[in-house]
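A short write-up of the structure that comes next.
The values are calculated or read from the model by the stated rules, or taken from the named source; none is laboratory data. Quick caveat: nothing in here was measured; it's all calculated off a predicted structure. Using ideal geometry, Cβ is built from the backbone for each residue, glycine included, and neighbour counts are taken over all protein chains shown. Note: accessible area is taken over every heavy atom of the protein model, side chains too, but ligands, DNA and RNA are not part of it. Shrake-Rupley method; radii C 1.70, N 1.55, O 1.52, S 1.80 Å.
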Amino acid sequence: MEPAPNVAFLVVAAGRGARLGAGVPKQYLPLGGRPMLARTLSRLLRAAPAARARVVIHPDDAPSYAAALGGLPDALRTRLDAPAHGGATRQSSVRAGLEAMARDGGAEIVLIHDAARCFVDAPLVARAVDAARAHGAAVPAVRLQDAVARLQESGVGAFVDRESMRIVQTPQAFAFGAILDAHRAAARAGRDDFADDGAVAAYAGLRVAPFEGDAGNVKVTTPADYEAARARLLAAGDVRTGQGYDVHAFGPGDHVWLGGVRIAHDRGLVGHSDADVALHALCDALYGALGDGDIGAHFPPTDARWRGAASEVFLRHAAGRVAARGAAVTHVDVTIVCEAPKIGPRRDDIRAMIAATLGVAIDRVGVKATTSEGLGFVGRREGVWASAIATLRMPGEE
Ligand code: MG
């Protein structure tokens, strides 16, 4: 058996990704709780456990790049070489990356990959390496499923024979020296307009072989692509449930806050914040589903900032922690136990408040109220207790 070749990845992440319109280049947008670039790098480095990788970044993106690496375990991060700084076009960025690799000794085979193709998988990487060994220059190619026609001024013109056409993806795989020479030749000729490295290789006279691509290896470019990628990660994930519980005592006052709604009453509830037991229980249910501490850890009662705070602030925080993990709230259910005030007339106000704060439809929010039949501290009208359950869908490693 031949020894495994020395393979390196070059990941192109210098683009500005304006089409997603998110104010941050798309490769740094969180997707399933991690920057897209971290997902891509994780996939590549796991697919080829001996390979190193180098990323080409925009010079302005150094802080975003450093933050993205925080989404990688140490064992993968140590296999990244210092990032290269890209140029004005994809082609010049790749050349900058190849030159940086060359200064560090190069590789036998380089796989050049788009940062925004975060669903690349191990079989595709293996096919790329095999194709580069066999042909020296190779690109993943996918058959067209739809009909293809040329547009003319008069309308749709001739339909093209799609059997002779392919969609070309990345990773594109090359003998390192050959693609470096091809990029240098294109640059010397003043050419900076090639859409990808297969085109640069073909320009330089290399025969570029197709190998089997992967229809799932999509490039996340538009907002619709991003939503589809998010849904795909959630579909590959799992479901988690958390529960929360809280009690507050009655004291002097003329209203209580329950479920984010002000309810007139002849007592108030005593607490460091607004003492909203229902939202406190719900926050703990959300933190619990994430395995992310509890409300006291996030908002210590010793911290004067939260004195008299509206508990909506806490629920917003919990919702933010859910979003930061790339999770989605499937359902929450809150039970409030008290002899008075009456909750039923305000039930839908509470549901609407929670739904709006969590960004879910109101039919995903349950609120129930009961008394304790005169028993215990609730029955003696000394206080209110509440419990809650939250169900989340967590993104998977897809
Ligand atoms: Mg509390």
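Computed with the Debye formula from one identical point scatterer per Cα of region 121-199, without solvent, the log10 of I(q)/I(0) at q = 0.17, 0.18, 0.20 Å⁻¹ comes to -0.83, -0.88, -0.95. For region 78-146, the spread of Cα coordinates along the three principal axes comes to 40, 27, 24 Å, biggest extent given first.
Computed from backbone phi, the HN-Hα couplings of region 340-349 come to 7, x, 6, 9, x, x, 9, 3, 6, 5 Hz, rounded to whole numbers (Karplus: 6.51 cos²θ - 1.76 cosθ + 1.60, θ = phi - 60°; Gly and Pro given as x).
Residues whose amide H comes within less than 5 Å of that of Gly326, counting only those at least five positions distant or on another chain, are Gly33 (H built at 1.01 Å from N in the peptide plane).
Maximal additional length on extending the Ala88-Ala147 stretch stands at 17.8 nm, based on 0.36 nm per residue less the C-alpha distance. The simple spin-label model puts a point 7 Å past each Cα toward its Cβ; for Glu212 and Val160 those points are separated by 2.4 nm. Using alpha-carbon positions, what is the distance between the centroids of region 173-243 and region 256-278, in Å? A separation of 55 Å, based on Cα centres. When the P(r) of region 292-336 is calculated, the portion above 12 Å amounts to 70% of the C-alpha pairs. Per residue, the accessible area of the chain comes to 46 Å² when a 1.4 Å probe rolls over the protein heavy atoms.
For the options Asp104, Asp333, Asp61, a Gaussian network treatment of the chain with springs between C-alpha atoms closer than 10 Å singles out Asp104 as fluctuating the most.
Placing a label point 7 Å from the Cα of Asp348 along the Cα-to-Cβ direction, the residues of region 361-379 whose backbone N falls under 15 Å of that point are 362-367. By the rule of a C-alpha distance below 17 Å, with chain neighbours fewer than 8 residues away ignored, the lysines paired with Lys219 are Lys26. For the chain, the orientation-averaged shadow of the C-alpha convex hull comes to 26.9 nm² (one quarter of the hull surface). Relative contact order of the chain: 16 percent, from C-alpha pairs under 8 Å at least 6 residues apart in sequence. Where the alpha-carbon atoms of region 239-393 are placed on the principal axes, they occupy 42, 35, 24 Å, in descending order. Between Thr78 and Asp266, the FRET efficiency estimated from the beta carbon spacing at R0 = 56 angstrom works out to 0.30. Using a cutoff of 8 angstrom between alpha carbon atoms and counting only pairs six or more residues apart, the relative contact order for region 22-90 works out to 35 percent. Compactness of region 177-260 was expressed as the Cα radius of gyration divided by 2.2 N^0.38 Å, which yields 2.42. Annotation: lysines with alpha-carbon distance below 16 angstrom to Lys368 (same-chain offsets under eight excluded): Lys342. Can you compute the modelled spin-label distance between Ala189 and Asp294, with each label point 7 Å from Cα toward Cβ, in nm? It works out to 6.9 nm between the two label points.
Legend: translational diffusion of region 7-235 by Stokes-Einstein, Rh = Kirkwood radius over C-alpha pairs, 4 °C, 1.567 mPa s; D = 72 µm²/s. Note on region 181-313: with neighbouring protein chains present and a 1.4 Å probe, carbon and sulfur make up 53 percent of its accessible heavy-atom surface.
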